[in-house]
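Written below as structure tokens is the structure these notes are about.
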Amino acid sequence: MESPREILKRHGLRAKHSWGQNFLGDADALQSIADALELRPGEPVVELGPGLGHLTRFLAATGAQVTAVERDRDMVAVLEKEAIPGVRVVSGNAATVDFAQVAGAPEIALVGNLPYHLTSPILFQVLAQRAHLSRAVFTLQKEVVVRLAAEPGNRDYGLLTVLLGLHFDIEQVLTLEAWRFHPPPKVDSAVLRLTRLSKPRAPLVDEARFTRLVKAGFAQRRKTLINSLKSDKGLATPEVMLAALQTAGVDPGRRAETLSPAEFAAIERALGPVTAMAPPPPDAPESDTDSGPDAD
């Protein structure tokens, strides 16, 4: 297998720093990532950001039906010229693509070396499209993987840990040192595996309200839970929120990082039927995980 440097040179290209392109060409690491996905022959899999096609070749070798989604036109041209057997190349944005639709299958596996600036948008897409995902394996900045795989009570534990944790088992399966990439990024990466649960860890009244509740909880994570939740007045009045915490058996003096996904779900259920909610505060964060790895 040619190195990323050799393939780029052969096509007259360079890695685009502005796109965060760091290509993984280490055969052992690529095999480990493919193994972590546990693909079956004929199974549909969507690869986000295939780049030069190094991981793509290992995915295709499993006999899976590979759809490679790439937005860089130069990389699309490389992949089309390389013509990897069993791989269909699609030009598209990984942050907005409909995973199942692009693969033409009702349920798929998902894999990718996620672009630094698209980590959170793609993970929110995973949540939104989870009904069509059996599992996902992503290469991310190591720090982000540590946060996503953290347990309650850990300072690394955050918003996306809770949102993903309600629907997925979350595992860190591999660490990838920076030298394995071309060009080497400034930080190490790690491989994250998400396995969708057959049902959520706890029931909800309303998914959108649950997401908003968790965001409010982590919006001011140094404050007590009740004070953080009161920052989003559109969720409930302070009195109703305090009563919901008591009904859920959650101490209002705790901090958001100590609550499990099931405890957040219990608070959401205790808020009762959903009524019209005012818009969230303009400074409410979309994510406390807004970083990721450089793209393959």
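May I ask you to verify whether residue 189 is in contact with a Lys or Arg (Cβ under 7 Å, 6 or more places away or on another chain), within 30 Å of residue 113 (Cβ to Cβ) and small (Gly, Ala, Ser)? Quick ask: steps written out before the conclusion?
Values: in contact with a Lys or Arg (Cβ under 7 Å, 6 or more places away or on another chain): yes; within 30 Å of residue 113 (Cβ to Cβ): yes; small (Gly, Ala, Ser): yes.
The answer is yes for residue 189.
Go through the residues of the range 80-88 one by one and say whether even a single one is under 24 Å from the mean Cα position of the chain (by Cα) and part of a loop (DSSP other than H, G, I, E, B). Break it down into steps so the answer makes sense when it comes.
Pass one, the range 80-88, residues under 24 Å from the mean Cα position of the chain (by Cα): 87-88.
Next cut, part of a loop (DSSP other than H, G, I, E, B) only: none.
The answer is no, given that none of the residues of the range 80-88 is under 24 Å from the mean Cα position of the chain (by Cα) and part of a loop (DSSP other than H, G, I, E, B).
Please identify the pairs in which a residue from the range 1-21 that is over 16 Å from residue 53 (Cβ atoms) has its Cβ atom under 8 Å from the Cβ atom of a residue that is assigned to a helix (DSSP H, G or I) and open to solvent by 80 Å² or more (accessible area, probe 1.4 Å), counting only partners at least 6 apart or on another chain.
Partner pairs satisfying both residue conditions: 20/116; 20/117.
Please list, ordered by first then second residue, the pairs with beta carbon atoms under 6 Å, 6 or more apart or interchain, first in the range 203-223 and more than 21 Å from residue 156 (Cβ to Cβ), second of a type outside the set (Gly, Ala, Ser) and in a helix (DSSP H, G or I).
What qualifies is 204/210; 204/268; 205/269; 209/268; 210/268.
Any idea how many residues of the range 237-252 are assigned to a loop (DSSP other than H, G, I, E, B) and open to solvent by less than 40 Å² (accessible area, probe 1.4 Å)?
Of the residues in that region, 2 qualify.
Does the range 58-74 contain at least one residue that is of a type in the set (A, V, I, L, M, F, W, C), surrounded by fewer than 18 Cβ atoms within 10 Å (Cβ to Cβ) and in contact (Cβ under 8 Å) with a residue 12 or more places away in the chain?
Here is the first cut: in the range 58-74, the ones of a type in the set (A, V, I, L, M, F, W, C) are 58-61, 64, 66, 68-69.
Still in the running and surrounded by fewer than 18 Cβ atoms within 10 Å (Cβ to Cβ): 61.
With the extra rule that they be in contact (Cβ under 8 Å) with a residue 12 or more places away in the chain, the set shrinks to 61.
The answer is yes, given that some residue of the range 58-74 is of a type in the set (A, V, I, L, M, F, W, C), surrounded by fewer than 18 Cβ atoms within 10 Å (Cβ to Cβ) and in contact (Cβ under 8 Å) with a residue 12 or more places away in the chain.
Quick one: how many residues across the range 2-39 are part of a loop (DSSP other than H, G, I, E, B), surrounded by 13 or more Cβ atoms within 10 Å (Cβ to Cβ) and over 25 Å from the mean Cα position of the chain (by Cα)?
First pass over the range 2-39, keeping only residues part of a loop (DSSP other than H, G, I, E, B): 2-3, 11-16, 20, 22, 25-26, 38-39.
Checking the rest, the ones that are also surrounded by 13 or more Cβ atoms within 10 Å (Cβ to Cβ) come to 2-3, 11, 13, 15, 20, 22, 25-26, 38-39.
Filter once more, so that each one left must be over 25 Å from the mean Cα position of the chain (by Cα): 2-3, 11, 13.
So the answer is 4.
So the check is Cβ under 7 Å with 6+ separation or different chains; which pairs have a first residue in the range 151-173 that's of a type in the set (D, E, K, R) and a second one that's open to solvent by 10 Å² or more (accessible area, probe 1.4 Å) and not in a strand (DSSP E or B)?
Taking only residues 6 or more apart or on different chains, the pairs are 155/257; 156/146; 156/147; 156/150; 169/197; 171/149.
When the residues of the range 40-78 are filtered to those that are within 19 Å of the chain's Cα centre (by Cα) and of a type in the set (A, V, I, L, M, F, W, C), which remaining residue is nearest to residue 113 (Cα to Cα)?
In this case the residue turns out to be 48.
The values are calculated or read from the model by the stated rules, or taken from the named source; none is laboratory data. Since the structure is predicted, the reported quantities are computational estimates derived from the model, not experimental observations. Don't worry about glycine lacking a Cβ; one is built from the backbone with ideal geometry, like all the others, and counts go over all protein chains shown. Note: areas computed on protein heavy atoms with side chains; ligands, DNA, RNA excluded. Shrake-Rupley method; radii C 1.70, N 1.55, O 1.52, S 1.80 Å.
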